[in-house]
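Single-structure report; data block below.
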Amino acid sequence: MTNFTAELIGTMILIVLGCGINAGNSLNNSFSKNAGWISVAFGWGFAVAIAVYAVGQVSGAHVNPAVTLALAVSGDLPWAEVPIYISAQIIGAIIGSTLVWLQYLPHWKATSDTAVKLGVFATGPAMKHNFANLSSEIIGTFILILGLLSIGANEFTEGLNPFIVGILIVSIGLSLGGTTGYAINPARDLGPRIAHFILPITGKGTSNWGYAWIPIVGPAIGGIYGALFYQAFFKQSFSTLFWAVSAIVVIVLALAWLNEKKSKTEQ
């Protein structure tokens, strides 16, 4: 199996199980409707763990462009492999979310709320605030990468690492996910959002493309910065790139804050 195929299958598994818990929790006439946020957090954690168990021995089971970028920046993945990994992840996410649509086929018509239908596929803010939403995704993904690299630096009983990674996802979901739904993965949001856009979902409404840049840019910045931060503080390797990305993070957040302030003034 190639890295491309492994990442496609791994991400497909992640999204089937992850968006599947979203659907079961949200759509009308589902036995698991209103299972609650805790079930969503654990569902996504288990989804990540199963995906890593499935393809970890082949491609490393990034199943997340933010992880791929982080490992490329840290020198653990050749940059030439990055487009292969990311394209596979996005395609896998589209396929996975399409399978969720099929799984819950009659439930879409039974659910009238368009926001609920979109929420099965893509993330959105609990409170719309570009600066806060962007910073939430940066922070969440920063913690994800810092956690992943820290887990990798420890020795566990053989086969336990994917489960520990799943626990990390649960922890992020419970602690940080209440603001934006913790995409912390550009493919996890973009792939299903594309599927929502193209699939004939009954009464689906808009795909909210105006928000789509936040769960792409935020995780990308957070992932890269998480890897550089780990190298700087855990390995005592303060590179020029670390300081450059630190400045970029500040600038991006400042621009988001100014844009938010401008929008409020115009209102």
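The values are calculated or read from the model by the stated rules, or taken from the named source; none is laboratory data. Everything numeric in this text was worked out from a predicted model, so none of it was measured. Here Cβ is always computed from backbone atoms with ideal geometry, including for glycine, and neighbour counts include all displayed protein chains. Ligands, DNA and RNA are stripped out before the accessible areas are found, and what is left, the full protein with its side chains, is counted by its heavy atoms. Shrake-Rupley method; radii C 1.70, N 1.55, O 1.52, S 1.80 Å.
Odds and ends about this structure:
- Test: residue in region 207-218 that is within 23 Å of PHE242 (Cβ to Cβ), modelled with pLDDT of 95 or more, assigned to a helix (DSSP H, G or I) and open to solvent by less than 20 Å² (accessible area, probe 1.4 Å): yes
- Scanning region 1-52 for residues that are crowded, with 22+ Cβ neighbours inside 10 Å, farther than 18 Å from THR123 by Cβ and in contact with a Phe, Trp or Tyr (Cβ under 8 Å, 6 or more places away or on another chain) yields GLU7, ALA49.
- So GLU81, is it acidic (Asp, Glu), in contact (Cβ under 8 Å) with a residue 12 or more places away in the chain and either farther than 30 Å from ALA254 by Cβ or open to solvent by 10 Å² or more (accessible area, probe 1.4 Å) (or both): yes
- The set of residues from region 230-251 being open to solvent by 50 Å² or more (accessible area, probe 1.4 Å) and in contact (Cβ under 8 Å) with a residue 40 or more places away in the chain comprises PHE234, LEU241.
- Conditions (1) surrounded by fewer than 22 Cβ atoms within 10 Å (Cβ to Cβ); (2) among the aliphatic types (A, V, I, L, M); (3) not in a helix (DSSP H, G or I); number of the one not met by ALA254: (3)
- Candidates ALA23, ALA61, ALA35: the one that is in a loop (DSSP other than H, G, I, E, B), aliphatic (A, V, I, L, M) and closer than 17 Å to TYR104 by Cα is ALA35.
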